[in-house]
Amino acid sequence: MDSQVVLDFIQQYGYWILYPLMIIEGPLITLLASGLSATGILNVWLVFLLSLLGDLSMDVILYYIGFFGNKRLRQRIAQRPKLEARRVKLEKFFQKHGGKVVFFVKISTGLAYITFITAGMIRLPLRRFIFFTLLGGIIWSGVLVTLGYFYGQLYLQISNHIRWAGVIVFSGAILTFLILTLLRKWKAKQFLTFSSGEN
């Protein structure tokens, strides 16, 4: 397929496609879309907004999974003693620190699933939940968009001088994403260890 046809399709329908993709896999899609925005194919501010909305949509979905599935989730977790012990300690920690946990998890650990489901399970007020996850989302999406835009600009700068510029820049972007993922996993382990030891 002609690359120009693909680019024209992205320019015309890209934003409609980006939103559901960002709900499913926000960080990677945000990084790639913001890279395209540096070349003028997409608008960087719309990419940032869609990243924020997609991320927030998934957060609210997770919250309501915990909110409405509270009893069933507790029963399933209770069948696994280690998970149940961690859930109890994490829930107490969450009740004590509230929205601060949501914000910290959002910008650092990547433990969105378990944390935001827990927020729904303990009935953290929805407005408070949205406030802190949105605040964290602005920072997290901002970092991803900035990185993606940087790599897009880098491609524009070197594409006329280096034959494999696209491969080099794409590889750099993926490597950055993997490093961020590993850092968030490391932070997640620290957070779980700390919260489990909290009285």
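The values are calculated or read from the model by the stated rules, or taken from the named source; none is laboratory data. No experiment lies behind these values; they were computed from the predicted model shown. With ideal geometry, Cβ positions are generated from the backbone for all residues, glycine too; neighbour counts draw on all protein chains shown.
Annotations
- For segment 34-47, the set of residues classified as out of contact with any Gly (no Cβ under 7 Å at 6 or more places or on another chain), outside any loop (DSSP other than H, G, I, E, B) and touching a residue at least 12 places away in the same chain (Cβ under 8 Å) consists of Val44, Leu46, Val47, listed by residue number.
- Residue in segment 13-70 that is surrounded by the most Cβ atoms within 10 Å (Cβ to Cβ), counting only those that are closer than 22 Å to Tyr149 by Cβ and of a type in the set (Asp, Glu): Asp55
- Evaluating Ile114 against the criteria (1) under 24 Å from Leu182 (Cα atoms); (2) in contact (Cβ under 8 Å) with a residue 40 or more places away in the chain leaves one unmet condition, (2).
- Glu84 meets all of the listed conditions (1) in contact with a Phe, Trp or Tyr (Cβ under 8 Å, 6 or more places away or on another chain); (2) over 25 Å from Leu18 (Cβ atoms); (3) part of a helix (DSSP H, G or I) but one, namely (1).
So that you can scan it fast, the table gives a plain yes or no per residue for (1) within 20 Å of Val47 (Cβ to Cβ); (2) among the charged types (D, E, K, R); (3) surrounded by 15 or more Cβ atoms within 10 Å (Cβ to Cβ); (4) at pLDDT below 75:
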{"position": "Phe150", "(1), (2), (3), (4)": "yes, no, yes, no"}
{"position": "Leu154", "(1), (2), (3), (4)": "yes, no, yes, no"}
{"position": "Val167", "(1), (2), (3), (4)": "no, no, no, yes"}
{"position": "Gly172", "(1), (2), (3), (4)": "yes, no, yes, yes"}
{"position": "Leu178", "(1), (2), (3), (4)": "no, no, no, no"}
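- Any chance Ile158 is hydrophobic (A, V, I, L, M, F, W, C), surrounded by 13 or more Cβ atoms within 10 Å (Cβ to Cβ) and modelled with pLDDT of 70 or more: yes
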